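Read the figures in this text as sums done on the coordinates, not as results from a lab. Keep in mind that what you see is a predicted model, and the values were worked out from it rather than measured. All Cβ positions, even for glycine, are placed from backbone atoms using ideal geometry, and neighbour counts span all protein chains on display.
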Amino acid sequence: MNDKARPWPWRMIVRGAFQDGWSLADQEEKNQVFREWIAIHKEWQSLGCRLIVTLDDELSMVGQPGARLWNFYSVWEVPDPSIVYDLLNFFRTEEAGRLRLDKYFRFETVVGKPIVSMEKALLGQLVEAQVQQ
């Protein structure tokens, strides 16, 4: 289906969890990891992804997640579901001068479309970025 026939954006939920590498890192290492994490998300943006919202589950959890498996989340608009593998690859590949972030975080994604009728009924419109024509 081409973009002109699809009047809604693809959405992706990213569920994340801290690994031992994060929990055992000193503050200087955590600061470096955070900078790399942000740099990767800026690369996502350069590939056409748009951050919608984030959520940190720190109000009801400390440390690594247990029964729920995840402790932070983000929701993105993505240009196409086929890009997801490449987005996650930023975290699991080694590149000179960069940290490999799967030592610190674990991620899982869910990709789908908006519930268009719900967004229109509750918000009066579809919440979306401009679909590229």
First select every other residue whose beta carbon is under 13 angstrom from the beta carbon of VAL53; then total the charges, Lys and Arg +1, Asp and Glu -1.
0
Quick check: residue separation of ASP102 and GLU29 times 0.36 nm, minus the Cα distance between them. What number comes out in nm?
24.9 nm
Anisotropy class of segment 11-123 from Cα gyration tensor, a/c 1.5 cut
oblate
Which one, PHE90, GLN27, ILE115, projects farthest toward the positive side of the charge dipole computed for segment 11-123 from Cβ point charges (K/R +1, D/E -1)?
ILE115
Using the Cβ atoms and a cut-off under 14 Å, what net charge is assigned to the surroundings of ALA39, where Lys and Arg are +1 and Asp and Glu are -1?
+1
Find the relative contact order for segment 11-123 and round it to a whole percent, using C-alpha pairs within less than 8 Å whose residues are 6+ positions apart.
47 percent
Kindly put ASP86, ASP26, ASP102 in sequence by how many other C-beta atoms sit within 10 Å of each C-beta, fewest to most.
ASP26, ASP86, ASP102
